[in-house]
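The values are calculated or read from the model by the stated rules, or taken from the named source; none is laboratory data. Bear in mind that the values here come from a model prediction, so they are computed numbers and not experimental data. In this analysis, Cβ positions are derived from the backbone assuming ideal geometry, glycine residues included, and neighbour counts consider all displayed protein chains. Remember, those area values only see protein heavy atoms, side chains included, never the ligands or the DNA or RNA. Shrake-Rupley method; radii C 1.70, N 1.55, O 1.52, S 1.80 Å.
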Amino acid sequence: TNLARNSYVYSDESSLKLDGEIWTASGANVYWLGLDENVIPPASSPFYAPFNASYPTHGRITEIMNTLMTMGARTIRCQTLGVSVGNLLNVMPALGMYSEQAFDTIDWSVYQARQHGLGIIAPLVDNYVSPNLI
């Protein structure tokens, strides 16, 4: 059996399709799945004060996936799963340097999206220039 979660959305003339059926994107921009500046983590957790950034907990990630499913979402857009450069908690905190710790929340987000049958749109580049990097 070919499950929809194992398939790709593709273009068929003027429509998007998934497993031969017309598909429409519906969902939310959950930008913080890879890096979160909305909560202050416990004292022992990684924290980057200049951006108020920390990693979201697995529970917070799972909770938003459950909420999106309840709302009938099919996709999640999350730029911090793909664009992850420029501070100490990112996948690439500096050119040529990689942080294995940053992959934990990214991996958990991808796993939870799959468990909930949600597609992910993860931009790999952006045009944002942080004022702290100028």
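Give the accessible area for ILE64 in Å² (nearest 10); use a 1.4 Å probe, count only protein heavy atoms, and leave out ligands, DNA and RNA.
40
Taking a probe of 1.4 Å, how large is the accessible area per residue of the chain, in Å²?
Dividing the accessible area of the chain by its residue count gives 64 Å².
What distance in nm separates the simple spin-label points at MET97 and ILE40, each placed 7 Å from Cα in the Cβ direction?
2.7
Nearest 5 is fine: what % of DSSP beta bridges in the chain come out antiparallel, could you say?
Approximately 55 percent, going by the DSSP bridge assignments.
Distance between the C-alpha centers of segment 31-58 and segment 78-120? Whole Å please.
Spelled out, the Cα-based centre of one part sits 13 Å from the other.
How long is the gain from TYR48 to SER11 if the chain were fully straight, where each residue apart is worth 0.36 nm and the alpha carbon distance is subtracted?
9.2 nm
Which of VAL85, GLN115, TYR10 sits closest to the plus end of the dipole of the chain, meaning its Cα is farthest towards the positive end, when Lys and Arg get +1 and Asp and Glu get -1 on the C-beta?
GLN115
Given the -39500 (n - 2.57) contribution per DSSP H run of 4+ residues, what per-residue ellipticity at 222 nm results for the chain, rounded to the nearest 500 deg cm²/dmol?
Per the formula, -6500 deg cm²/dmol.
For segment 14-134, which whole percent of the accessible surface, found with a 1.4 angstrom probe, sits on carbon and sulfur atoms?
Here it works out to 59 percent.
Net charge around ILE61, counting only other residues with Cβ within less than 12 Å of its Cβ (Lys, Arg = +1; Asp, Glu = -1)?
-3
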